[in-house]
């Protein structure tokens, strides 16, 4: 719903201004549309992998898939923060996380397996990999970030679209969610004892991942003894 001030501004605008605004809105809508399509392509690939592995391996390594496209306000804010010209071509080339997909896996080994299966597909181009699992951030953040390009087939032909895919375990995602809520609550001025607690919790989450992975492999490798056959 438009605010009262916006409605008043539109009512007082002349036809040329309104026409310019409509053209701008259509341009922005087309710009973001490509990123929505890029997300759809990646999500489809991940869904196929999940269903195939569930059938062929009897095991689903993907717990959930979520996605988002930044709002235009968010895009412009980040572009300004990174000193990128407020031009759509410059923004497209300068920002890699306008479209984002998050893949939550059961175990760390699943994170790397799904990433490799996705990025090995012929129409996927990997632009950058940031492995915060092997090299966690100082605050304890763990996740595997992959910036890739996927072709989106529009009426005028294929167009490469950048999508950032984040792979993490359930424990990593729980920690990241708590950390985000904490920093939002304190407007990034988090007391030191809470920072220390989050760092400790990150180590605990990493240990939990290791323990659960070990138990998972033991369960998957277990073979019940053959029953005695009476003769």
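For the range 34-53, filtering for residues that are in contact with a strand residue (DSSP E or B) (Cβ under 9 Å, 6 or more places away or on another chain) and without any contact (Cβ under 8 Å) to a residue 60 or more places away in the chain leaves 5.
Checked across the range 129-141, the condition of being within 30 Å of residue 30 (Cα to Cα) and either in contact with a helix residue (DSSP H, G or I) (Cβ under 8 Å, 6 or more places away or on another chain) or surrounded by fewer than 19 Cβ atoms within 10 Å (Cβ to Cβ) (or both) holds for at least one residue.
Taking residue 101 as the residue in question, decide whether it is buried (at least 16 other Cβ atoms within 10 Å of the Cβ) and either touching a helix residue (DSSP H, G or I) at 6+ places or on another chain (Cβ under 9 Å) or in contact (Cβ under 8 Å) with a residue 12 or more places away in the chain (or both). Spelling it out, residue 101 is indeed buried (at least 16 other Cβ atoms within 10 Å of the Cβ) and either touching a helix residue (DSSP H, G or I) at 6+ places or on another chain (Cβ under 9 Å) or in contact (Cβ under 8 Å) with a residue 12 or more places away in the chain (or both). All told, residue 85 falls short of being part of a loop (DSSP other than H, G, I, E, B) and either touching a helix residue (DSSP H, G or I) at 6+ places or on another chain (Cβ under 6 Å) or touching a residue at least 12 places away in the same chain (Cβ under 8 Å) (or both).
Every test in (1) at pLDDT below 95; (2) in contact with a helix residue (DSSP H, G or I) (Cβ under 9 Å, 6 or more places away or on another chain) is passed by residue 169 save one, and that test is (1). Considering the range 165-201, and only residues there that are on the phi < 0 side of the Ramachandran plot and assigned to a loop (DSSP other than H, G, I, E, B), the residue that is surrounded by the fewest Cβ atoms within 10 Å (Cβ to Cβ) turns out to be 189.
The values are calculated or read from the model by the stated rules, or taken from the named source; none is laboratory data. The shown structure was predicted, so the numbers you read here are calculated from the model rather than taken from an experiment. Note: ideal-geometry Cβ built from the backbone for every residue, glycine included; neighbour counts use all protein chains shown.
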